1. Output the residues belonging to region 122-143 that are within 20 Å of the chain's Cα centre (by Cα) and away from the ligand (no atom under 11 Å from the Cβ).
2. Of Gly193, Gly166, which residue is surrounded by 20 or more Cβ atoms within 10 Å (Cβ to Cβ) and either acidic (Asp, Glu) or in the same structural domain as Gly29 (by TED's automatic domain parsing) (or both)?
3. Considering every residue within region 12-32, establish whether at least one is in contact (Cβ under 8 Å) with a residue 12 or more places away in the chain and within 16 Å of the ligand (Cβ to nearest atom).
4. So which residues in region 196-225 are among the polar types (S, T, N, Q) and either closer than 28 Å to Ile355 by Cβ or not assigned by TED's automatic domain parsing to the domain that holds Ala163 (or both), if there are any at all?
5. Going by what's in this entry, would Gly174 be described as at pLDDT 95 or above, closer than 26 Å to Asp68 by Cβ and within 14 Å of the ligand (Cβ to nearest atom)?
Amino acid sequence: MEIKFGNLKVSEEAVKHLEEVVKTSWVSGGPKTKMLEKSWGNLFGYKYNIAMSSGTCADMAACMTLYDISNNSKVKPGDEIIAPALAFAAVGNSIRAAGFTPAFVDVKRDTMNIDANKIEEKINKKTRAIMAVHTMGKPCEMDKILEIANKYNLKIIEDCCEAHGGKYNNQFVGTFSDMATFSYYVAHIVSCGDGGMLSTNKKIVADVADSIKHHGRKPGSLYFDHLRFGLNFRMNDLTASVGIPEINNFWNIFNKRKNNFYGLTERTKDLEEFASFVEEQPNEVVSPHAFSVILKNPKHDYSKLYKFLESKEIQCKRNFGSMPTQHKAFEYLEHKLGEFPEAEYVGNNGLHFGIHQFLTEDHLDYASEALHEYFKEK
Ligand SMILES: Cc1ncc(COP(=O)(O)O)c(C=O)c1O
């Protein structure tokens, strides 16, 4: 038996869309991309949806909109965006690529999300926004984050790349702020291989993001007329063709994954003395992105667990690591190991594996048995 992180199956409906696209000689930003944007918007009630070539591009574009949409017109390269120390590296990289400096804040060990109580100490004159990342589908404490953002006049970008369909206080994540970003990478709930979306209810954000994804071009202009800093972040119609049926089938996929999440949570309850798992509180819906296991005691050896699960063909990924202190890529910020203890703990002691929609009850039994077998020795 094998448990992969995700699985892309191109549906028959997708093949029909692809055939239509292949017959045309133009795939960039065509009718399929528009169809995908519309379907996505209908899922969560967004007015404007700008398809991108990846979640990373959506994050970059979101950061780059700050140059135009911020209340503070003095936004300039080198300004800071608050971000969680622990998240997939795309978060820190996209902030940097957009010309900003990430100001990292430690996370809470149990939720893996930014510790809202530690945000204010990182705010200074250069702070322009907070990037709230709903890691592993677990919603951030949006009430606290909104309060801080209002107090200091900061924008919020919600990175929902791992949190499609999650809810906080009965409201979809990604609808608390000016803009939300999503990834359609293979392992994610909606997948089209590689792709992303920037969603918003604000016209100004949509107009600017749409221009940014075309090298800052003036919308509708017949000429190369570049108004702002932009890049090529466009999705194409071949990719959109694969994504459209996934979106139309969103709640079936979501519910199947949710079932897997609950099924595995139930099966591993007796392992609570060894490991913590993502918990769902009454005021939230955790998006079933993956199944996280964080060791409660480092002596139970993350790398052994990782190798053990991989030997059982359960494909694992590290719980990201602390961007500022556990990845060479962020050395330029000159942080020191020990500055982000919770992120570093999770980075050293946590892993996750897939709970995607193609798994069966047998797969869940298999994963649970593997975890029991490992911890039985401890
Ligand atoms: C939190 C987060 N942000 C951004 C991204 C980037 O998305 P992509 O891989 O589509 O570029 C990911 C990807 O998994 C992610 O998990």
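The values are calculated or read from the model by the stated rules, or taken from the named source; none is laboratory data. Given the structure is predicted, the values throughout are model-derived calculations rather than measurements. Cβ sites come from the backbone with ideal geometry, for glycine too, and all protein chains shown count toward neighbours.
1. Residues satisfying the conditions are Ala129, Ile130, Lys138, Pro139, Cys140, Glu141, Met142, Asp143.
2. Values: Gly193 fails: surrounded by 20 or more Cβ atoms within 10 Å (Cβ to Cβ).
When all the criteria are applied, what remains is Gly166.
3. no
4. Selection gives Ser199 alone.
5. On the way: at pLDDT 95 or above: yes; closer than 26 Å to Asp68 by Cβ: yes; within 14 Å of the ligand (Cβ to nearest atom): yes.
So Gly174 passes the test.
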